[in-house]
1. Would you give the gap between the C-alpha center of the range 140-203 and the C-alpha center of the range 28-92, rounded to a whole Å?
2. Just in the range 27-119: which GluC sites (Glu not before Pro) are loop by DSSP and have at most 10 other Cβ atoms within 10 Å?
3. Once amide H atoms are built 1.01 Å from N in the peptide plane, which residues 5 or more positions from L177, or in another chain, come under 5 Å H to H?
4. Of K49/K90; K35/K101; K101/K149; K35/K84; K42/K146, which sit over 23 Å apart, Cα to Cα?
5. Applying 1/(1 + (r/R0)^6) with R0 = 45 Å to the Cβ-Cβ distance of K49 and L167, what FRET efficiency is obtained, to the nearest 0.05?
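Read the figures in this text as sums done on the coordinates, not as results from a lab. This one's a predicted model, so the numbers in the text were calculated from it and none came from an experiment. We place every Cβ from the backbone using ideal geometry, glycine too, and count neighbours over all the protein chains shown.
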Amino acid sequence: MTSLKNINMKKSFLLLAVICMLGTAGFAQIHLGVKAGANLVKIDGKSFKEGFNTGYNLGGYLDLGFSPKWSIQPEVLWNQSETKLSEEFKDIYPDGIDELKDVKLNYLSIPILLSYKPSKLVTLQAGPQFGILLNKDQDLFENGKKAFKEGDLSILAGVQLNLGNTLKLGGRYGIGLNNLNDIDDRDEWKSQSFQIYVGFNLF
């Protein structure tokens, strides 16, 4: 049932992304670009150590402008992050692995952001982001039981600096809305992240 729900969530979100792109095909201003940067991510929950851990992000975006100040910016990103198990993990899940380990998580992330430009220099952005877990480094049990859910829904908000017509510098904060724990409800895992990036308009 959980897997079916995750699949339906993915299909719904991808459909929304396609509709947004098609619906904005006639917009006056369209920019395609690439971006890359660093992530600071932590997973809240007793199973993981406190503190943020570093990762990276890489991908592309479309900036679909429908007025001088407003636009929609869908993106496709590779988001990599790392977290560390705490000593409490073994207390909560006695059948888990014996050693403490670093857990790497790789997501295909699809943000759809509403952008507002109060000036040419500054853009304010906010919107949902759906992440699809891609890597297999999520098994924290000797028997191979899956630990993390395949989908992560987040809300993003951030500020971007537009340096000329090509270069962009930005920062975002993201907070996860759903519990990532696919084992049971003994410990709730939710993500928090900070992201900084450099972007370049290709046209």
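1. What the calculation gives is 4 Å, centre to centre.
2. Values: sites: E50, E75, E82, E87, E88, E99; in loops: E50, E87, E99.
Counting only loop positions with at most 10 other Cβ atoms within 10 Å, the GluC sites (Glu not before Pro) in the range 27-119 are E50, E87, E99.
3. Result for L177 returns L153, S154, I155.
4. Working: K49/K90 13 Å; K35/K101 30 Å; K101/K149 19 Å; K35/K84 27 Å; K42/K146 19 Å.
Those over the limit are K35/K101; K35/K84.
5. After rounding to 0.05, the efficiency reads 0.80.
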